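The values are calculated or read from the model by the stated rules, or taken from the named source; none is laboratory data. In this text the structure is predicted, and so the values were computed from the model without any measurement. With ideal geometry, Cβ positions are generated from the backbone for all residues, glycine too; neighbour counts draw on all protein chains shown. Protein only, heavy atoms only, side chains kept; ligands, DNA and RNA dropped before computing areas. Shrake-Rupley method; radii C 1.70, N 1.55, O 1.52, S 1.80 Å.
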Amino acid sequence: MRIIRAQHLGMCFGVRDAITLALDVAKQHPLTVLGDLVHNETVLAELREQGVGVAQDAAAVRTQAVMVSAHGASDQAMARARNRGLEVIEATCPLVHVAHRAVARLVRDGFHPVIIGKRGHVEVRGLTEDLAEFDIVLSEQEIGEMKERPRFGVAAQTTQPIEKVHTLLLALRCRFPRSEICFVDTVCQPTKQRQTSAVALAQQSDVVVVIGGQHSNNTHELVGTCRRFCPRVFHVQTAADLRPEWFLNAETIGITAGTSTPDELITSVENWLNALAIARPSARSTRRAQPAAELSNLKAA
């Protein structure tokens, strides 16, 4: 049994910087994060152990300092916190700031803003809360429900697969052929790298393990991408979630991870798989011959 890693996987610089900043501030004085700093339960548990609190609304904050998560926040949300006398510290990823500026520029230029992203996601809320009107879409059906406007300005949640964004952009152009449509690519480079690497990984794997938080959008997108090229894909948060039966008759096991997944979690999963490989004799790969329906009894993500 061979274990391979995706070329690009795991924690991105924006998440690393946000965690480092939170820990540094917490050493100086009590700190509360407005929402989840990142979407990974292991990381959040470690932050709680270091005394970093979490509140979903500024009204619930009991510390003098409050931190905006890596996903960003609207000007309104930060103003509400400041109006309560709180010191607001930003841990927003620089690439999320790029998306905010792109949307603001589209609005200034007279375009109706359309965000390709997950409705209700903290990043999408931050991108839209300051806008008077907007559309959020993640399917062609939702585009079909939009009303025609002279000019559409399109941006995307930074963790959306760029292929999906382009597909929906084409659907928007077909739906409104008379409208002017301006697209700004706000999908971040780490997301693009991990998506591209996931495709290459899945194409040569019998089983793919995707490591990441249950609430991580980019992790769920990696799972979806891998399933297009490999019938056995499993989403785990830690090595404790792994099951030996998932890897029956598998010759090559691929590992990838979302952008909020710490290196130590990836290593622990890899170590678990290496131990399994030592205990189990090699088997010929049957990925292409074995239909996904036969694997329905296994625990999938």
Q.
Given the options V137, L95, G51, identify the residue whose Cα lies farthest towards the positive end of the charge dipole of the chain (+1 on Cβ of Lys, Arg; -1 on Cβ of Asp, Glu).
A. V137
(Q) With a 1.4 Å probe and all protein chains left in place, how much accessible area per residue does the range 1-111 have, in Å²? (A) 50 Å²
Q: Over every pair of different alpha-carbon atoms in the chain, take the mean of 1/r and invert it; report that Kirkwood radius in Å.
A: 20.7 Å
Q) Between Q193 and A275, what is the spin-label point distance in nm, taking each point 7 Å from the Cα along the Cα→C-beta axis? A) 3.1 nm
Q) Using the Cβ atoms and a cut-off under 13 Å, what net charge is assigned to the surroundings of H100, where Lys and Arg are +1 and Asp and Glu are -1? A) -1
(Q) Rounded to the nearest percent, how much of the accessible area of the chain (1.4 Å probe, protein heavy atoms only) is carbon and sulfur? (A) 50 percent
Q. How big is D, in µm² s⁻¹, for the range 214-279 by Stokes-Einstein at 37 °C and 0.692 mPa s if Rh is the Kirkwood radius over C-alpha pairs?
A. 259 µm²/s
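Applying 1/(1 + (r/R0)^6) with R0 = 30 Å to the Cβ-Cβ distance of Q50 and R84, what FRET efficiency is obtained, to the nearest 0.05?
Efficiency computed from Cβ-Cβ geometry: 0.80.
Which of rounded, prolate or oblate describes the range 119-270 when judged by the alpha-carbon gyration tensor and an a/c cut-off of 1.5? All intermediate terms of the calculation are to be shown ahead of the outcome.
Details: a/c = 2.91, a/b = 2.09, b/c = 1.39.
Here the range 119-270 falls in the prolate category.
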Q: Express in whole angstrom the spacing between the alpha-carbon centres of the range 85-159 and the range 1-48.
A: 24 Å
(Q) Would you work out the Kirkwood radius for the range 1-95? I mean one over the mean of 1/r across all pairs of different Cα atoms, in Å. (A) 14.0 Å
